Amino acid sequence: MAELTYATYLEIERLLDLQHPRSNPPEHDEMLFIVIHQTYELWFKELLHEIDKVNGDLSANDLYGAIHTFKRMRTIMKTLVGQLDVLETMTPLSFLAFRDRLETASGFQSVQFRELEFALGYKRPGVRRFLDPSWPGVDRVERRLGEPSVVDHLVDFLAARGAAIPDDVRRRDPTEPTRPHAAVQAAVLHLYRTAPDVAILFELMTDFDEGLQEWRYRHVKVVERTIGAKKGTGGSPGVAFLKKSLFQPVFPDLWAVRHEL
Ligand code: HEM
């Protein structure tokens, strides 16, 4: 049998055969556009993998496991924000040179991004209408919509740490978005004051949440400086649509208590 090598283990040749610019004659920046989106999708895959792990940690009351994983997740999120700097080296004119080749393709249709939003409890069922049920992976989005989110697993963790969590929070409909709740905030506040090790977890989760908000802000700015007020290729009003999700936390209870600390 052939010896395992760097290239065979990582399937490098297959990976390098996945970039197919559509411009003819070729537009130099289209390669960057493809590579950066593919890189994001790989990081989304890794984040979903970590979320599945941290959900188990939280429900099993494994604080150190959850701290370890959230540290990784927030570091990946910061990397995702930083990578937008590379994309911003593409000028509006060089993007326009191949934009038509994208037809109606758009990040709007990223199945893994919706999976991430749903897994984090940012459940906007309306966004499903932009996904064709026949596309690969849409079944995963549907599954994530019906599954408890990271916030639901955090609630399990708080209950295991002695918090009195009302039944309507513990048995809530998992397809609904996260709603801030006074009982969860009381539990968070209590643990911030009495359990410094748990406070580390809360801070890492806040870092992650802030990172996702930063990504949304930086992405809107990339869009604004590249296409201005034009409609998106995915058919949304573009910048105006994207601005609606700015400053929306995925862990609202962690933000709500801060003035009381
Ligand atoms: C020149 C660069 C980019 C432009 C002009 C752009 C443009 C847009 C626009 C206009 C939308 C709104 C939906 C639509 O009508 O198409 C959108 C959504 C989106 N884009 Fe981008 N984008 C760019 C780069 C990226 C990159 C690098 C990613 C990384 C994965 C990305 C991921 C997304 C996602 C996930 C959405 C959906 C956001 C939401 O629903 O809140 N975009 N983009």
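The values are calculated or read from the model by the stated rules, or taken from the named source; none is laboratory data. Predicted, not measured: the structure shown is a model, and the values here were computed from it. Cβ sites come from the backbone with ideal geometry, for glycine too, and all protein chains shown count toward neighbours. For the accessible areas, the whole protein counts, side chains as well, though only heavy atoms, and no ligand, DNA or RNA atoms are used. Shrake-Rupley method; radii C 1.70, N 1.55, O 1.52, S 1.80 Å.
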Those residues that are closer than 30 Å to Pro125 by Cβ and of a type in the set (Ser, Thr, Tyr), I need them from the stretch 91-113; list them, please.
-> Thr104, Ser106, Ser110
Check off (1) over 23 Å from Trp255 (Cβ atoms); (2) part of a loop (DSSP other than H, G, I, E, B); (3) in contact with a helix residue (DSSP H, G or I) (Cβ under 9 Å, 6 or more places away or on another chain) for Ser134 and give me the number that stays unchecked.
-> (3)
Output for the stretch 65-90, where each listed residue is free of Cβ contacts under 8 Å to residues at least 40 places away in the same chain and either closer than 22 Å to Arg144 by Cβ or more than 15 Å from the ligand (Cβ to nearest atom) (or both) = Gly65, His68, Thr69, Arg72, Thr75, Ile76
Would you please list the contacts, defined by Cβ atoms under 6 Å and residues six or more apart or on different chains, that run from a residue in the stretch 217-237 that is near the ligand (Cβ under 6 Å from one of its atoms) to a residue that is among the aromatic types (Phe, Trp, Tyr)?
-> Thr226/Phe95; Gly234/Phe108
Here, helices (runs of 4 or more DSSP H) confined to the stretch 153-261 with at least 1 residues that are within 20 Å of the chain's Cα centre (by Cα) are 196-227, 239-243, 252-256
Hey, any hits in the stretch 125-143 for a residue that's closer than 24 Å to Glu46 by Cα, open to solvent by less than 20 Å² (accessible area, probe 1.4 Å) and of a type in the set (Lys, Arg)?
-> no
If you scan the stretch 74-106, which residues turn out to be assigned to a helix (DSSP H, G or I) and open to solvent by 50 Å² or more (accessible area, probe 1.4 Å)?
-> Arg74, Thr75, Lys78, Thr79, Asp85, Val86, Pro92, Leu93, Leu96, Asp100, Arg101
